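K.L.:
The structure's right below; bear with me while I get my questions together.
Please treat every number below as a calculation from the coordinates, not as lab data. Note that the structure is a prediction, hence the values are computed from the model and not measured. Note that we place each Cβ from the backbone using ideal geometry, even for glycine, and neighbour counts take in every protein chain shown.
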Amino acid sequence: MFYKKIIVRKHERALLFRDGDFVKFLEPGVYRFVTLLHAFTVERFDLTVPTYGHRLQDFLIEKYPHQVERYFDVIATNENEIAVVYHNDSVTLVMAPATRKLFTKGVHKIRVQRFEIVETLDVDERLAKRLHAGNDPMLKAIADKAIYSRVVPEGHIGLLYVDGELTRSLAPGFHAFFAVERGVSVELFDTRVQTLEVSGQEILTKDKVSLRINLTATYQLTDVEKAVRETKDPLDHLYKEVQFGLRGAVGTRTLDALLEDKAVIDTSVADHLKEHFEAIGITVKSVGVKDIILPGDMKDLLGKVVEAEKAAQANVIRRREETNATRSLLNTAKVMEKNAVALRLKELETLEKMTEKIGNISVFGGLDSVTDMISMKKIGK
């Protein structure tokens, strides 16, 4: 009852405490201590667990450096450094700046990869994916805090911001960055040809007619960095400039001029946008007016004007045809006046038309008698 038996197994090491004070490290074996005057306790640690944490870690490192060095690898980082620790080529830990950790010796092969966070921003793609896809929840949580990753889709450009400052553009693909003691973010922009709808624009023409116009513009971000540096919101800026260009095109022309040539609006707005956006990395591909909507009363009035114009055109055509017909009759009369055969042919043509609805015809004394008989019947009627 005055002895305490302690067994340290082969895969273990132990810290021996007497009356709560650290005494030494214990190797594998069987130990007996007299407990009559002192209380002995032991804290074991397993060599198969690579990381070791203890409340007296810093004390042991400072006061018993030779014993600590015998049983542990001490890995420390300075205030501008991150360390990725591997054991048996598996990532064990991501160490933040100004930290110190103990790793057990004897079973694991420890390897350390260090990064200067001031000089190094990019993280190797393979390493970043291994950290984020790991099975250790604690390691994954540390990696999520220490490393910022983002995938830039095809047809997009990513803008990298570090502490709010635009650093560079990112091509499509996977990107990862150290985010310790710095704010890292990536903003995505679509570089494909896009469509901008500008609808329901109420604009007065030069002759004070209110029009509602719907317009479509296609554009492409050709230099995203320049566009973002020059404008707060490239899309909003483009929308407003389309509005200004549209008002300039409509407000300086009369309704008749716009209706006669609708393409003049497209050309005018396109020229306005080209002048403003080529220099800031945005290319306007096309501009087209979809609809020009007149107010109800103006639509009725315009309908009446069009109806009157069409009626006048129809009247002109009818008079022209009548004139042509009269001129043709006059020419025919002149020919018959000078040519007896032509006159006779005309008489036969007329006789043919007159006898189309007669069932029986009796001829006495030649065609002249028939003609005279028909004439007399008509006079009698």
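K.L.:
I'd like the chymotrypsin sites (Phe, Trp or Tyr not before Pro) in the range 1-69 restricted to DSSP loop residues with at most 11 other Cβ atoms within 10 Å, sorted by number.
P.N.:
Phe2
K.L.:
Taking H as built 1.01 Å from N, whose amide H comes closer than 5 Å to the amide H of Ala179, not counting residues under 5 places away?
P.N.:
Sorted by chain and number, the residues that satisfy this are Ile147, Tyr148.
K.L.:
Also: Measure up Lys129/Lys232; Lys5/Lys140; Lys208/Lys274; Lys206/Lys274; Lys105/Lys145; Lys109/Lys145 against 31 Å on the Cα-Cα distance and list the ones that go over.
P.N.:
Exceeds cut-off: Lys129/Lys232; Lys5/Lys140.
K.L.:
Quick one: pull the percentage of alpha-carbon pairs in the range 194-294 with a separation above 18 Å.
P.N.:
43
K.L.:
Show the residues, 5+ positions off or on another chain, whose built amide H is closer than 5 Å to the amide H of Ile117.
P.N.:
Glu81, Ile82
K.L.:
Full extension from Glu260 to Glu154: what is 0.36 nm times the residue separation minus their Cα-Cα distance, to one decimal in nm?
P.N.:
Computed gain between Glu260 and Glu154 is 33.8 nm.
K.L.:
What FRET efficiency would be calculated for the residue pair Lys10, Thr191, taking the C-beta separation as r and a Förster radius of 56 Å, to the nearest 0.05?
P.N.:
Taking R0 as 56 Å, the efficiency between Lys10 and Thr191 is 0.35.
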